[in-house]
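K.L.:
The structure that follows is given in the form of structure tokens.
The values are calculated or read from the model by the stated rules, or taken from the named source; none is laboratory data. Everything numeric in this text was worked out from a predicted model, so none of it was measured. Cβ sites come from the backbone with ideal geometry, for glycine too, and all protein chains shown count toward neighbours. What goes into the accessible areas is simple: the full protein's heavy atoms, side chains included, and nothing from ligands, DNA or RNA. Shrake-Rupley method; radii C 1.70, N 1.55, O 1.52, S 1.80 Å.
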Amino acid sequence: MRFEAVLRELTTIAAQFHESLLRLNDSFELQLGDKELHFVIMAILGMLLFFMVHLVFKRLAKWSITAISFIYVFTVMTVLGFAIEIGQKISGTGEMDFADVVAGLNGVLLFFAVYTVYRLIAMLVGWIYHRIRG
């Protein structure tokens with residue numbers, strides 16, 4: 001479950017970052033509440049992420065729009081997986097389980113891998129056909 005370990009590590013890093021921001025807020029006596037801190041930090045992170053993603057997607061668009069589609073879908077499925085688990089916890093309709101999110105994302109990766117192999121085979125057959133037919 002290497003993917004699960006990565007997600008857990010990212011969660012730990014986020015928690016440590018959160019604690020550091022709270023300490024900075026206190027040490028500079030900014031008196032920013034939780035909502036104000038979320039507003040500022042999310043705005044800054046959002047803009048930094050936008051510029052990085054924009055640069056990457058611009059370059060990927062020259063190579064393959066499929067890569068952009070995959071990144072978008074994987075991101076949405078990650079958020080959806082967490083939303084489903086949180087919804088189960090809140091509604092009491094199931095057990096909130098991190099392994100369920102990992103299992104769902106593994107399904108997305110497997111099905112995309114199958115699709116990619118299919119596309120590669122189709123491209124290879126097309127290439128061979130055009131080489132033979134001239």
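K.L.:
Does anyone have the angle between helix 2-27 and the longest principal axis of the chain? Alpha-carbon axes, 0 to 90°, nearest 10?
P.N.:
30
K.L.:
Then there's this: Would you mind telling me the share, in percent, of accessible area of the range 74-127 contributed by carbon and sulfur at probe 1.4 angstrom?
P.N.:
Exposed carbon and sulfur together represent 77 percent of the surface.
K.L.:
Tally Lys/Arg at +1 and Asp/Glu at -1 over every other residue whose Cβ is under 15 Å from the Cβ of residue 21; what's the total? Walk me through the numbers before you get to the answer.
P.N.:
Values: positive: 23, 35; negative: 19, 26, 29, 34, 36.
Once all neighbours under 15 Å are counted, the net charge is -3.
K.L.:
Quick check: with the 1.4 Å probe, what order do 116, 93, 11 take by accessible area, largest first?
P.N.:
My answer, sorted largest first, is 93, 11, 116.
K.L.:
Choose one of 128, 113, 87: the residue whose Cα lies farthest towards the positive end of the charge dipole of the range 75-134 (beta-carbon charges +1 Lys, Arg; -1 Asp, Glu; about the Cα centre).
P.N.:
128
K.L.:
Can you work out ³J(HN,Hα) from phi for every residue in the range 69-85, in order, using Karplus 6.51 cos²θ - 1.76 cosθ + 1.60 and θ = phi - 60°, giving whole Hz and x for Gly and Pro?
P.N.:
4, 4, 4, 4, 4, 4, 5, 4, 5, 5, 4, 4, x, 5, 4, 4, 5
K.L.:
Give me the accessible area of residue 20, 1.4 Å probe, in Å² rounded to the nearest 10.
P.N.:
That residue has around 50 Å² of solvent-accessible surface.
K.L.:
Moving on to the next point. Just the number please: accessible area per residue for the chain, 1.4 Å probe, all protein chains included, in Å². Numbers along the way, then the final one.
P.N.:
Numbers: 11070 Å² over 134 residues.
That works out to 83 Å² for each residue.
K.L.:
Name the longest site-free stretch of the chain, where the excluded sites are GluC sites (Glu not before Pro) in a DSSP loop with no more than 13 other beta-carbon atoms within 10 Å.
P.N.:
30-94
K.L.:
Kindly provide the pair-distance distribution of the chain built from C-alpha pairs, with 10 Å bins from 0 and whole-percent values in order of increasing distance.
P.N.:
Bins of 10 Å from zero give 9, 23, 31, 21, 9, 4, 2, 0 percent of pairs.
K.L.:
Just name one of 99, 24, 51: the one whose Cα is farthest towards the positive end of the charge dipole of the range 1-123 (beta-carbon charges, Lys/Arg +1, Asp/Glu -1).
P.N.:
51
K.L.:
Can you send over the carbon and sulfur percentage of the accessible area for the range 1-40, probe radius 1.4 Å, protein chains only?
P.N.:
Carbon and sulfur together cover 63 percent of it.
K.L.:
Using unit Cβ charges (K, R positive; D, E negative) and no other charged atoms, how large, in debye to the nearest 20, is the dipole of the range 1-77 about its Cα centre? Before the final figure, lay out each step's value.
P.N.:
Details: 7 positive and 7 negative charges, 124 e Å.
Here the size comes out at about 600 debye.
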